[in-house]
Amino acid sequence: MERVNQTSSVSEFILLGLSSRPEDQMPLFILFLTMYLITIIGNLLIILAIRSDPQLKTPMYFFLSFLSFTDICFSTTIVPRMLVNFLSGKTIAYAGCLTQMYFIYALGNTDSCLLAVMAFDRYVAICDPFHYVTIMSHHRCVLLVAFSCSLPHLHSLLHTLLLNQLNFCDSNVIHHFLCDLSPLMKLSCSSTFVNEIVIMIEGSVILVTPFLFIAFSYTRILITVFNIPSAAGKRKAFSTCGSHLTVVTLFYGSIFYVYLQPVSTYTVRDHMATIVYTVLSSMLNPFIYSLRNKDLKQGLRKLKGRRKPQAAPS
């Protein structure tokens, strides 16, 4: 039997999605299905290439494989529900909505923490290369990944439990394509004061701290790189950071635009920014990391070679 929030008369929500026009539904379905398939295939290839190539058994690629896995899960939390909404009813059960919101925040913040860990890896590699093997030991890498995955789940659980205490008495129409915290709070007919305070304090800390950690790491990296005498050495140092900086800019630029604003100012215009960090960045990450990375491209070529059928002996 479906569990309904005891303090709410609403048992389901209606996700309006990206467009209410019937003629837009099929083109949007095809577009997001294509993006989803590219996301799954691209990130899966990155994981397989890293796991199968001994030359990619380094901390940087260890973290990248977990980032790719998180991106697959993140996209799967959002896009299949969108695809269903494009073709059929736009309703989602109350419990299903809160479950989706939980995983969006848990996996989105895991991405954020992993990007901070990858920045720390680059910082150690460039600023303290002689102690890199000691500092970035396998044991420490596992601990960093475990922390990056566990803390966001506690953060997400807190906000989900607080949202579950709100009353939803009247409207159940969400002007969004996913169950996000701000649109849901705007629907509540009870006070959201505690929720907003927690978002401003705890939420801002969880969101901004990894970004500040990344900014600090790259400030130190820039200082170190500018002190390298040779131009070739500077280019090599920058080439190892360029892909990561591109992903960080894409991810945090859109996420700050959406979440560093009061709940009352949240509008439909934020949908495009939400698509960037929830769908587009997960799809583009494999391309960004592989285009200028010779080792990863070589690993992908080796993986492709292994998948080719061997010729039968004459």
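In this structure, Thr76 does satisfy being out of contact with any helix residue (DSSP H, G or I) (no Cβ under 6 Å at 6 or more places or on another chain), part of a helix (DSSP H, G or I) and among the hydroxyl-bearing types (Ser, Thr, Tyr).
Being open to solvent by 10 Å² or more (accessible area, probe 1.4 Å), over 17 Å from His244 (Cα atoms) and modelled with pLDDT of 95 or more, is that true of even one residue in segment 111-126? No, every residue in segment 111-126 fails to be open to solvent by 10 Å² or more (accessible area, probe 1.4 Å), over 17 Å from His244 (Cα atoms) and modelled with pLDDT of 95 or more.
Of all residues in segment 50-95, those being under 18 Å from Leu114 (Cβ atoms) and of a type in the set (Gly, Ala, Ser) number 3. Taken together, the residues in segment 159-174 that are crowded, with 16+ Cβ neighbours inside 10 Å and assigned to a helix (DSSP H, G or I) amount to 4.
Scanning segment 121-135 turns up no residue that is over 23 Å from Ile174 (Cβ atoms), out of contact with any helix residue (DSSP H, G or I) (no Cβ under 7 Å at 6 or more places or on another chain) and basic (Lys, Arg). The one condition from (1) touching a residue at least 24 places away in the same chain (Cβ under 8 Å); (2) more than 17 Å from Leu98 (Cα to Cα); (3) loosely packed, with under 14 Cβ neighbours inside 10 Å that Leu212 does not meet is (1). Out of Phe147, Phe177, one residue alone is among the aromatic types (Phe, Trp, Tyr), in contact (Cβ under 8 Å) with a residue 24 or more places away in the chain and open to solvent by 40 Å² or more (accessible area, probe 1.4 Å). It is Phe147. Scanning segment 37-61 for residues that are touching a residue at least 60 places away in the same chain (Cβ under 8 Å) and either surrounded by fewer than 20 Cβ atoms within 10 Å (Cβ to Cβ) or out of contact with any helix residue (DSSP H, G or I) (no Cβ under 6 Å at 6 or more places or on another chain) (or both) yields Ile38, Leu45, Leu48, Ser52, Asp53, Gln55. Within segment 79-90, does at least one residue satisfy the condition of being β-branched (Val, Ile, Thr) and within 21 Å of Leu15 (Cα to Cα)? So far as segment 79-90 goes, yes, one or more of its residues are β-branched (Val, Ile, Thr) and within 21 Å of Leu15 (Cα to Cα). Screening the candidates Arg235, Arg220 for the property of being in contact (Cβ under 8 Å) with a residue 60 or more places away in the chain, in a helix (DSSP H, G or I) and on the phi < 0 side of the Ramachandran plot yields one hit, Arg220. Tell me whether segment 135-153 contains one or more residues that are hydroxyl-bearing (Ser, Thr, Tyr), in a helix (DSSP H, G or I) and within 30 Å of Ser20 (Cα to Cα). Within segment 135-153, not a single residue is hydroxyl-bearing (Ser, Thr, Tyr), in a helix (DSSP H, G or I) and within 30 Å of Ser20 (Cα to Cα). Scanning segment 91-110 for residues that are open to solvent by 40 Å² or more (accessible area, probe 1.4 Å) and either assigned to a helix (DSSP H, G or I) or at pLDDT 95 or above (or both) yields Ala95, Thr99, Tyr102, Phe103.
Taking the criterion of being crowded, with 16+ Cβ neighbours inside 10 Å, out of contact with any strand residue (DSSP E or B) (no Cβ under 9 Å at 6 or more places or on another chain), assigned to a helix (DSSP H, G or I) and not charged (D, E, K, R), the residues of segment 182-197 that qualify are Ser182, Met185, Asn195. Can we say Phe287 is surrounded by fewer than 18 Cβ atoms within 10 Å (Cβ to Cβ), at negative phi and at pLDDT 75 or above? Taking the combined requirement at face value, the residue satisfies it.
The values are calculated or read from the model by the stated rules, or taken from the named source; none is laboratory data. Bear in mind the structure is a predicted one, so any value in this text is a computation, not a measurement. Please note: Cβ atoms are built from the backbone with ideal geometry, for glycine as well, and neighbour counts cover all protein chains shown. Accessible surface is based on the protein model in full, side chains and every heavy atom, while ligands, DNA and RNA are left aside. Shrake-Rupley method; radii C 1.70, N 1.55, O 1.52, S 1.80 Å.
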